[in-house]
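J.: The structure that follows is given in the form of structure tokens.
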Amino acid sequence: MNERKSIHGQWSSKLAFILAATGSAVGLGNIWKFPYITGENGGGAFVLVYLLCIALIGIPIMMAEVMLGRRGRRSPINTMALLASEEGKSNGWVALGWMGVVAGFLILSYYSVIAGWAMSYVFRTGSGMFVGATADGVSSIFTDFISDPEKLLAWHTIFMVMTMIVVARGVKNGLEKAVTLLMPLLFGLLLLVVGYAMTTGHFQQGLDFLFTPGPITGDAVLIAMGHAFFTLSLGMGAIMVYGSYLPKSTSITQAAFAVALADTAVALLAGMAIFPIVFANGLEPGAGPGLIFKTLPIAFGHMEGGILIGVSFFLLLVFAAWTSAISLIEPAVAYLVENRGMKRVYASVWIGVATWLVGIGSVLSFNVWADKTWSLPFIFENKNFNFFDTLDYMTANVMLPLGGLFIAIFAGWLMREQSSREEMNTWSWAYKAWRFLVRFVAPLAVIIVFLKAVDAI
Ligand code: PFF
């Protein structure tokens with residue numbers, strides 16, 4: 001087979017891919033979402049299920065996505081069309097690409113709103129308003145902030161514009177440059193906050209909360225699995241599209257492990273930074289989406305050099321969110337460029353504006369529409385979901401695992417063994433292990449977790 005090339009360019013090195021994929025994976029999911037859903041779902045057992053899902057479902061599916069992307073060298077929609085026809089399978093597989101495009105679009109709509117919170121916290125921390133503040137003071141500053149729709153809208157707008165600019169500039173000039181330096185810095189600052197958490201006198205309690213398993217519900221298992229997909233950017237084509245820019249010689253196995261390891265390390269560090277502060281200040285672990293905004297400023301308000309560290313921390317969090325956001329719309333942008341002949345700039349603007357509009361629903365969920373809630377069928381019968389909760393739940397816990405399930409089925413069952421072996425191009429034992437996981441373990445695990453969450457088993 002002649003080697004295919006992507007019309008959008010290629011990563012300049014293996015490291016560039018790892019950094020970009022890590023940039024996509026490490027984001028608000030690790031630092032904002034992981035701690036708050038861990039808090040809401042009781043800690044230890046939830047973390048354990050999440051780690052198992054990363055190892056047994058996430059890594060194999062990540063390898064499958066990169067492999068499919070590199071083989072197709074197109075946007076996920078067109079990659080699925082091409083590979084399905086090459087393997088003699090139905091063209092219906094393009095639906096998988098489409099579901100990913102819709103999921104990415106919906107995720108970005110609320111992701112941008114939360115990234116806006118982080119942006120505003122760069123300035124709030126910088127103004128010194130948290131210096132010496134009490135836990136109550138910090139909490140009420142946050143509550144006042146999210147009850148102001150205009151502020152949230154302004155930050156959401158700024159973040160969407162930033163995202164459109166990078167995506168418009170394309171693979172090498174935009175995406176790659178944005179990630180190279182910033183990820184290691186974020187890691188370093190996170191370590192500093194963990195260092196502060198060690199001085200609170202509640203570090204051990206934080207660790208116990210994170211790592212001592214207790215009972216767990218079927219809904220919580222679904223959320224842990226959904227989060228494994230969300231945090232690794234799987235099930236919607238983001239990693240597939242990045243794989244399509246990957247040079248032929250790169251080892252997919254090594255790249256997937258590197259990305260998963262870095263991502264998990266950041267999430268666990270975030271947990272170790274936040275829970276000791278929660279317990280030291282008598283806060284509620286289940287405080288919800290505001291958790292990091294109610295805890296971290298306490299640390300920054302009390303530590304030596306806290307203003308500088310806090311400003312840098314939130315700034316890097318914004319960058320981490322930014323490098324994830326660009327990957328959320330890259331599949332859609334690549335599709336418009338390929339099929340509609342649109343310039344990248346226009347494609348980015350169209351999609352950006354549409355995403356921005358949907359995001360207004362999430363802006364309002366925290367204030368004007370706060371009491372517009374409903375329950376979702378099958379799950380959490382006693383919980384009320386608002387617009388934001390619904391989007392978050394349906395994308396992370398339904399669409400991404402479903403996308404991942406179909407990716408596993410396609411790569412493991414429908415693709416000829418020879419095709420996947422050739423594209424994976426890895427050690428024989430690694431290929432065999434991957435194939436077993438992607439054919440049996442990952443799909444069955446997703447199905448069982450789905451069935452358990454709707455109380456069918
Ligand atoms: N992985 C990102 C995070 O943890 O913040 C979010 C994300 C990016 C999800 C890209 C899905 C995706 F395709």
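The values are calculated or read from the model by the stated rules, or taken from the named source; none is laboratory data. Please read these numbers as outputs of a predicted model, since none were measured by experiment. Note that each Cβ is placed from the backbone with ideal geometry, even for glycine, and that neighbours are counted across all protein chains shown. Please note that ligands, DNA and RNA were not included when accessible areas were found on the heavy atoms of the full protein model with its side chains. Shrake-Rupley method; radii C 1.70, N 1.55, O 1.52, S 1.80 Å.
J.: Using beta carbons and a limit of 7 Å, which pairs, at least six apart or on different chains, have the first residue in the stretch 96-118 and on the phi < 0 side of the Ramachandran plot and the second one charged (D, E, K, R)?
T.: Tyr110/Asp392
J.: If you take just the helices (runs of 4 or more DSSP H) that sit entirely in the stretch 414-456, which of them hold at least 1 residues that are out of contact with any Leu (no Cβ under 8 Å at 6 or more places or on another chain) and over 22 Å from Leu246 (Cα atoms)?
T.: Because the criterion is at least 1 residues that are out of contact with any Leu (no Cβ under 8 Å at 6 or more places or on another chain) and over 22 Å from Leu246 (Cα atoms), the helices (runs of 4 or more DSSP H) in the stretch 414-456 that meet it are 428-436, 442-453.
J.: Being crowded, with 17+ Cβ neighbours inside 10 Å, of a type in the set (D, E, K, R) and either away from the ligand (no atom under 16 Å from the Cβ) or within 30 Å of Gly69 (Cα to Cα) (or both) is true for just one of Arg340, Arg344. Which residue is that?
T.: Arg344
J.: Filter the stretch 202-225 down to the residues that are in a helix (DSSP H, G or I) and β-branched (Val, Ile, Thr), then identify the one that is farthest from the ligand (Cβ to nearest atom).
T.: Val221
J.: Now for a different question. Enumerate the helices (runs of 4 or more DSSP H) found wholly within the stretch 226-304, keeping only those where 2 or more residues are within 12 Å of the ligand (Cβ to nearest atom) and under 14 Å from the mean Cα position of the chain (by Cα).
T.: Counting at least 2 such residues, we get 238-243, 252-280.
J.: Test each condition in (1) modelled with pLDDT of 95 or more; (2) under 30 Å from Ile360 (Cβ atoms); (3) of a type in the set (A, V, I, L, M) for Leu210 and report the one that comes out false.
T.: (2)
J.: Follow-up question, since we're still on this one. Select from the stretch 111-141 the residues that are hydrophobic (A, V, I, L, M, F, W, C) and open to solvent by less than 10 Å² (accessible area, probe 1.4 Å) and write down the one among them that is nearest to Ser362 (Cα to Cα).
T.: Residue satisfying both the conditions and the ranking: Val113.
J.: What are the residues in the stretch 222-235 that are on the phi < 0 side of the Ramachandran plot and open to solvent by 10 Å² or more (accessible area, probe 1.4 Å), if any?
T.: Result: Ile223, Phe230.
J.: While we're looking at this one, here's another question. Of all residues being open to solvent by 60 Å² or more (accessible area, probe 1.4 Å) and among the aromatic types (Phe, Trp, Tyr) in the stretch 388-424, which is farthest from the chain's Cα centre (by Cα)? Just the residue, please.
T.: Across the stretch 388-424, the extreme among qualifying residues is Trp413.
J.: Additional query: Look through Gly9, Gly23, Gly27, Gly44 and report the one residue that is in contact (Cβ under 8 Å) with a residue 40 or more places away in the chain, open to solvent by less than 10 Å² (accessible area, probe 1.4 Å) and away from the ligand (no atom under 16 Å from the Cβ).
T.: Gly44
J.: Quick check: is even one residue across the stretch 334-346 in contact with an Asp or Glu (Cβ under 7 Å, 6 or more places away or on another chain) and among the hydroxyl-bearing types (Ser, Thr, Tyr)?
T.: Scanning the stretch 334-346, I find no residue that is in contact with an Asp or Glu (Cβ under 7 Å, 6 or more places away or on another chain) and among the hydroxyl-bearing types (Ser, Thr, Tyr), so the answer is no.
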